[in-house]
Amino acid sequence: MFKRRRYKQQLTLQDRLSAWVKQVQQQALRLPPGPERDALLKKARQADVANHLQDWAKSPELQPPK
């Protein structure tokens, strides 16, 4: 049986996503306009939306359905 390799993350998922979004946006800005740049910006937007959804899901104003 294989032993699972465990790794304790030092940063939260939100912090890692935010850092990745910034890195990808900077990388995309260095590329000329085209499909590759658009794909990178799309991935960055999706990760940013996921990050905001996490904030929304944890917000104290969120009420359970009645």
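FYI, it's all coordinate maths here, none of it is from the lab. Every value quoted in this text rests on a predicted model; they were computed, and no experiment measured them. Note that we place each Cβ from the backbone using ideal geometry, even for glycine, and neighbour counts take in every protein chain shown.
Brief remarks on what is shown
- Restricting segment 1-58 to residues that are hydroxyl-bearing (Ser, Thr, Tyr) and part of a loop (DSSP other than H, G, I, E, B), the residue that is surrounded by the fewest Cβ atoms within 10 Å (Cβ to Cβ) is TYR7.
- Extreme residue, farthest from ASN51 (Cα to Cα), among residues of segment 30-41 that are free of Cβ contacts under 8 Å to residues at least 12 places away in the same chain and touching a helix residue (DSSP H, G or I) at 6+ places or on another chain (Cβ under 8 Å): LEU31
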